[in-house]
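Here the structure is laid out as structure tokens; the discussion comes afterwards.
The values are calculated or read from the model by the stated rules, or taken from the named source; none is laboratory data. Just so you know, these numbers come straight off a predicted model, no measurement behind them. Here Cβ is always computed from backbone atoms with ideal geometry, including for glycine, and neighbour counts include all displayed protein chains.
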């Protein structure tokens, strides 16, 4: 887009208000990212077009519409169709991981996470994605 | 039977005839002998009569001879001698006692005549002597003539008497001759009869000899065939006992002896009942057995008793027949205890086969299904006749790999055994998981004859395992989520990141504390359910007044409800509303129901709480106007870890255990828990507890433990 490889905007969907707050604070205050944090798929769909996320960070276990379904919905929007998707979840059994891969999820962050390390981890994933993306493009 | 009687009659008549014949023959011989003796006697008597005749003739002589001038004295002597001789001859007649001729009258006549002849002869002799003396003395002729005249007269009278005696003797002679003739005739007739008897006797003897010879030939044949028959009877496999019509034993064969462990001698004459076990003795009645007219004789079962008092089952067949006009009953006995035992074993095996909850399938060596049991049908949906002759492949689901089946057969052919989980398909197409145990059945030579598959449906077990796995995952997720928040907020606080913003710091502290509380709640519920599952939860039963407990619970949860913007309204009820319960547990139930109602209420919703008396119980209701319970979920409401939507859990903050804990508590208090729901309108959860009875008066401090069996009224 701008040629700038630095990650700015993260769209974050998580139903648990407490975790949402902690992750937001961590990403904003420790990682200096701009975070659009949403409590549900519906909320995310409302803000996604205006926000223009560079990375999607999604919880998996959510009521009504879970992480994978939210991802499918977001992918329908041009504003989010190419952004790498990262799941943040405790569900990381072999079967789950295979399913995430099939869904086109780029990476998975395992709960519980350390909020002091989380922004750095997201940054690494972003860097990896960018280099891979360039490799892929080139 | 009639022929028999006729036969007997003939024997009787023949016997009587023979007896009569003997009597007659004896009589005849006796009479002939008598006749003979009498004839001899009469002949001898006849001779004596002739001798008497001679003697009688002499008697007349002295009287007549004297007229010829014989000397009187000589004549007198002669008369005396003659008289003596006559008397002797006359008395001889009376010795012939065998002659059956009555001569007493004649004897009297003779004796009278003899006396008269003697008297007159003596007078004649006296007169002759008188005339002689007159003549010698020279008496006149007149006197002599008078004497002579008198003598002549007397002589004439004497002759007359003499003549009558002669007549009498002639009559006697005639009588005797007649008697001799009679005897002779009788003897002739007797001898004729004797000839006849001899002829008859000879003929009878000949006949008897012929008959005897024939009978003895028949007897020999009979004896030989009887020996033959006895050998057969002794060696047949069945016991044979014959009894008379009262049931007294007349004979038993060797098999029967062995069967009862006794010898013939010891039981013959005893009643057949004595061979039966005491209780079954009254059941035996020899009158039950009909004559052998029908095609089937009666077969019944009895318990026999051996001489050592051991018992055995036997089948008894009775046939009544008539032998020589006398009814006897032939019992054929079969020891069926072994047969019954094996029948019982088979019956047991069949019962197990039919009633076990494990599906059983038996195939032949080629794998064709020979037999299945009802449990097999219940599990697979295939009736026995639908799979008969089929290969068990029809049960395959297609969800197992080819390798799986190859491995299974390698094991069966190698070790004769395979067991494990296998997914098969029911008749209705549904796939299910079963535990299958296959064993090869071998004959004595080690050759496989059949395969037996024993199976039970573990799909429910699997489902509950899955549920448990899901629960563990859920619990682990539930425990991790608050921990993530606690850990995360504390890390942020610790790093000083939030130090610049007091609001943010306060927020993080609130998050840490709230999630700590949530953790505690979760752990409490998990412990409760663990206690309930292990049935270790102790109840302290006391009289609990709902008019105090229910408003108390409402009060305690009002603050919590307020967080959701929900109000709890307590409806007024009676002051005295006592139930027997554990106050803390009841409070737990109410809190569960209230927090459920709060979580499912819309913001600004109102929850109504009431307690009302219905018949013999108090009903406590908690009503909300939340979305209600979907139809599909109604059966699951009280199941553990159940929530209408598994992912709903976190939002509502529950563990999915509250209602199952509540139900377990109310069940143990002898009550009932339930709900009514009109989706979108209202949902009412309620529980009923029996009204406290007077005699349940529980003293303060008294404790009652309620077991899983439920509430029991305290002892008075």
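General observations
- Filter pass, residue B:275 being in contact with a strand residue (DSSP E or B) (Cβ under 7 Å, 6 or more places away or on another chain), closer than 13 Å to residue B:305 by Cβ and surrounded by 15 or more Cβ atoms within 10 Å (Cβ to Cβ): yes
- For the stretch B:525-537, filtered to residues that are touching a helix residue (DSSP H, G or I) at 6+ places or on another chain (Cβ under 9 Å) and in a loop (DSSP other than H, G, I, E, B), the residue that is surrounded by the most Cβ atoms within 10 Å (Cβ to Cβ) is B:537.
- Looking only at the stretch B:493-511, residues that are more than 14 Å from residue A:23 (Cα to Cα) and in a loop (DSSP other than H, G, I, E, B) come to 4 in all.
- Just one of the numbered conditions (1) in contact (Cβ under 8 Å) with a residue 40 or more places away in the chain; (2) crowded, with 19+ Cβ neighbours inside 10 Å; (3) closer than 12 Å to residue B:165 by Cα is not true of residue B:109: (2).
- Filter result for the condition that a residue is away from chain A (no Cβ under 14 Å) and in contact with a strand residue (DSSP E or B) (Cβ under 9 Å, 6 or more places away or on another chain), over B:540, B:558: B:558
- Selection within the stretch A:93-110: residues that are closer than 12 Å to residue A:59 by Cα and within 14 Å of chain B (Cβ to nearest Cβ). The member of this set that is modelled with the lowest pLDDT is A:110.
- Residue list for the stretch B:465-477, restricted to those being touching a residue at least 12 places away in the same chain (Cβ under 8 Å) and more than 10 Å from chain A (Cβ to nearest Cβ): B:467, B:470, B:471, B:475
- Within the stretch B:560-571, considering residues that are assigned to a loop (DSSP other than H, G, I, E, B) and in contact with a helix residue (DSSP H, G or I) (Cβ under 9 Å, 6 or more places away or on another chain), the one surrounded by the fewest Cβ atoms within 10 Å (Cβ to Cβ): B:564
- In this structure, residue A:27 qualifies as under 30 Å from residue B:500 (Cβ atoms) and either within 14 Å of chain B (Cβ to nearest Cβ) or under 14 Å from the mean Cα position of the chain (by Cα) (or both).
- Among the residues examined, residue B:598 qualifies as in contact with a helix residue (DSSP H, G or I) (Cβ under 8 Å, 6 or more places away or on another chain), buried (at least 22 other Cβ atoms within 10 Å of the Cβ) and more than 18 Å from residue B:689 (Cα to Cα).
- Test: residue in the stretch B:486-497 that is closer than 30 Å to residue B:585 by Cα, surrounded by 13 or more Cβ atoms within 10 Å (Cβ to Cβ) and at pLDDT below 80: no
- Residue count for the stretch A:1-24 under the criterion of being under 22 Å from residue B:504 (Cβ atoms) and either within 10 Å of chain B (Cβ to nearest Cβ) or without any contact (Cβ under 8 Å) to a residue 12 or more places away in the chain (or both): the result is 9.
- The residue that is farthest from the other protein chains (Cβ to nearest Cβ), counting only those in the stretch B:485-524 that are touching a residue at least 40 places away in the same chain (Cβ under 8 Å) and in contact with a helix residue (DSSP H, G or I) (Cβ under 6 Å, 6 or more places away or on another chain), is B:522.
- For the stretch A:45-67, the criterion of a residue being out of contact with any helix residue (DSSP H, G or I) (no Cβ under 7 Å at 6 or more places or on another chain), at pLDDT 90 or above and within 12 Å of chain B (Cβ to nearest Cβ) is satisfied by at least one position.
- Of the residues in the stretch B:640-653, at least one is on the phi > 0 side of the Ramachandran plot, outside any helix (DSSP H, G or I) and either at pLDDT 90 or above or within 14 Å of chain A (Cβ to nearest Cβ) (or both).
- The helices (runs of 4 or more DSSP H) found wholly in the stretch B:327-409 and carrying at least 3 residues that are surrounded by fewer than 15 Cβ atoms within 10 Å (Cβ to Cβ) and without any contact (Cβ under 8 Å) to a residue 24 or more places away in the chain occupy B:337-355.
- Restricting the stretch B:216-257 to residues that are in a helix (DSSP H, G or I) and surrounded by 13 or more Cβ atoms within 10 Å (Cβ to Cβ), the residue that is farthest from the chain's Cα centre (by Cα): B:230
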